[in-house]
Amino acid sequence: MSTVRIALANVRVPASREDSVRLAISAVADAARRDATVLCFPECFVPGYRWPGTTAPAPDHTFLEQAWAAVADAARAAHITVILGTERVTERGLQITACVINPDGTVAGWQDKGQIDPSEETIYPALGAERRVFTAGPLTFGVVICHEGWRYPETVRWAVRRGAQVVFHPHAHVAEPGSYRPVTFADPANTFHEKAVLCRAAENTCYFASVNCASEGSGTTSAVARPDGTLQCFQPYGQEGLLVADLDLRTATGLLASRCRTSPI
């Protein structure tokens, strides 16, 4: 099979940690109805991203374990691979991560965020030290989380050089006072971020699938870029729903990533 259908959960920002679980379970079922093989959620969707300057419940390992189990049950019922943006309570402090759940509800593994935005350092002080790739049927994929994909293209190349045909990019971005409000993807008047989506795909000959929550005025939205760096599809800004895309794996050759002669990775 050369075509794989993926879905990006461009759903609203959860109102509470309990709401995040309800929204995640609903999105899993919706993605299965639309015949997706893999569903990816935004960064820290469960229990919700801890925005600087806001107050959120204290990290709760028990709640997180119960939430992961509930989403895993939904993945098993839907027989779909889920990439759940979440957080982990570690000995080194709170950590941003993605939990990859197999279609049978087992946990395939974790991809911890290894490159933290300076604004996150006091909130999420623990950093990931390892990278890996995952499989879902014929698809091999990697995960880079928000700041990693925007600012550190090496993280994407690492996955593609190890066989990833698509790299998923869970991120979290809401409107800030006075920020530009785009209506067209990669608008030249906007920040560099959406242009980076196209670059990550083109410079590695892979698909790049970036997923954000739906929120009014956000400067980025969910999108999929093709291996030639062109835009395959994007979710209208602020519009809640799944973004579904069919990926032709024959085009995701990883050619340019494999030809990198100077990279130590």
**Report entry** Residue tally, condition farther than 23 Å from residue 12 by Cα and touching a helix residue (DSSP H, G or I) at 6+ places or on another chain (Cβ under 9 Å), over the stretch 232-263
**Finding:** 7
Report task. Take residue 45 and decide whether it is touching a Pro at 6+ places or on another chain (Cβ under 8 Å) and open to solvent by less than 10 Å² (accessible area, probe 1.4 Å). Result -> yes
Query - residue 108 vs. criteria under 25 Å from residue 245 (Cα atoms) and open to solvent by 10 Å² or more (accessible area, probe 1.4 Å) - result: yes
Report task. Filter the stretch 16-26 down to the residues that are hydrophobic (A, V, I, L, M, F, W, C) and in contact with a helix residue (DSSP H, G or I) (Cβ under 9 Å, 6 or more places away or on another chain), then identify the one that is least open to solvent (accessible area, probe 1.4 Å). Result -> 24
Query raised in the report: Just to be sure, is residue 124 crowded, with 23+ Cβ neighbours inside 10 Å, of a type in the set (Ser, Thr, Tyr) and either closer than 17 Å to residue 212 by Cα or out of contact with any helix residue (DSSP H, G or I) (no Cβ under 8 Å at 6 or more places or on another chain) (or both)?
Result: no
Query - Those residues of the stretch 1-14 which are modelled with pLDDT under 95 and of a type in the set (A, V, I, L, M, F, W, C), in sequence order - result: 1
Requested in this report: Would you be able to tell me the number of residues in the stretch 234-262 that are outside any helix (DSSP H, G or I), of a type in the set (A, V, I, L, M) and either open to solvent by 60 Å² or more (accessible area, probe 1.4 Å) or more than 17 Å from residue 27 (Cβ to Cβ) (or both)?
Outcome: 2
Requested in this report: Filter the stretch 64-105 down to residues that are farther than 17 Å from residue 32 by Cβ, touching a helix residue (DSSP H, G or I) at 6+ places or on another chain (Cβ under 9 Å) and not aliphatic (A, V, I, L, M) and give me whichever is most open to solvent (accessible area, probe 1.4 Å).
Outcome: 66
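The values are calculated or read from the model by the stated rules, or taken from the named source; none is laboratory data. As the structure is a computational prediction, the values presented were derived from the model and not from experiment. Positions of Cβ are backbone-derived with ideal geometry, glycine not excepted, and every protein chain shown enters the neighbour counts. Areas reflect the complete protein model, heavy atoms only, side chains present, ligands, DNA and RNA absent. Shrake-Rupley method; radii C 1.70, N 1.55, O 1.52, S 1.80 Å.
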